[in-house]
Amino acid sequence: MAAQVDPQKCTKCGGVVQPLCVEVCPDEAIRVQEDRIVVTEFLCEDCNECGFVCPDRAIKIPLDKVTF
């Protein structure tokens, strides 16, 4: 199960160039598309780095779905 972004909470916070979640993702599974944050499920490794840096607390990984 990939990280899930709550669009109601997400403000696309400013990192240096991209939102913080996009910058920190080691798997390049997160991107901005059509002015929203999108997670590519098959690339996401459930590391939750994006969730740790999200100041809006808009990113969650359902723990009951984690496969590692």
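Every residue in region 45-60 that is in contact (Cβ under 8 Å) with a residue 40 or more places away in the chain and more than 9 Å from the chain's Cα centre (by Cα), please.
Here is the first cut: in region 45-60, the ones in contact (Cβ under 8 Å) with a residue 40 or more places away in the chain are 46, 48, 50-51, 54-60.
Those that are in contact (Cβ under 8 Å) with a residue 40 or more places away in the chain and more than 9 Å from the chain's Cα centre (by Cα): 46, 55, 56, 57.
So, in region 24-38, of the ones that are within 10 Å of the chain's Cα centre (by Cα) and under 16 Å from residue 51 (Cβ atoms), which residue ends up surrounded by the fewest Cβ atoms within 10 Å (Cβ to Cβ)?
38
Please go through region 23-40 and pick out each residue that is within 20 Å of residue 9 (Cα to Cα) and either of a type in the set (D, E, K, R) or assigned to a loop (DSSP other than H, G, I, E, B) (or both). Working first, answer last.
Start the filter on region 23-40 by keeping residues that are within 20 Å of residue 9 (Cα to Cα), which leaves 23-25, 29-40.
Within region 23-40, 23, 25, 29, 31, 34, 35, 36, 40 qualify.
Would you check if there is a residue in region 6-29 being in contact with a Ser or Thr (Cβ under 7 Å, 6 or more places away or on another chain), closer than 19 Å to residue 63 by Cα and either free of Cβ contacts under 8 Å to residues at least 60 places away in the same chain or not hydroxyl-bearing (Ser, Thr, Tyr) (or both)? Please lay out each step first, then the result.
The first filter runs over region 6-29 and keeps only residues in contact with a Ser or Thr (Cβ under 7 Å, 6 or more places away or on another chain), leaving 29.
Restricting the remaining residues to those that are closer than 19 Å to residue 63 by Cα gives 29.
Checking the rest, the ones that are also either free of Cβ contacts under 8 Å to residues at least 60 places away in the same chain or not hydroxyl-bearing (Ser, Thr, Tyr) (or both) come to 29.
Yes, region 6-29 has at least one match.
Every number in this text was worked out from the coordinates using simple rules, so none of it is lab data. Remember, predicted model here, so these are calculated numbers, not experimental data. We place every Cβ from the backbone using ideal geometry, glycine too, and count neighbours over all the protein chains shown.
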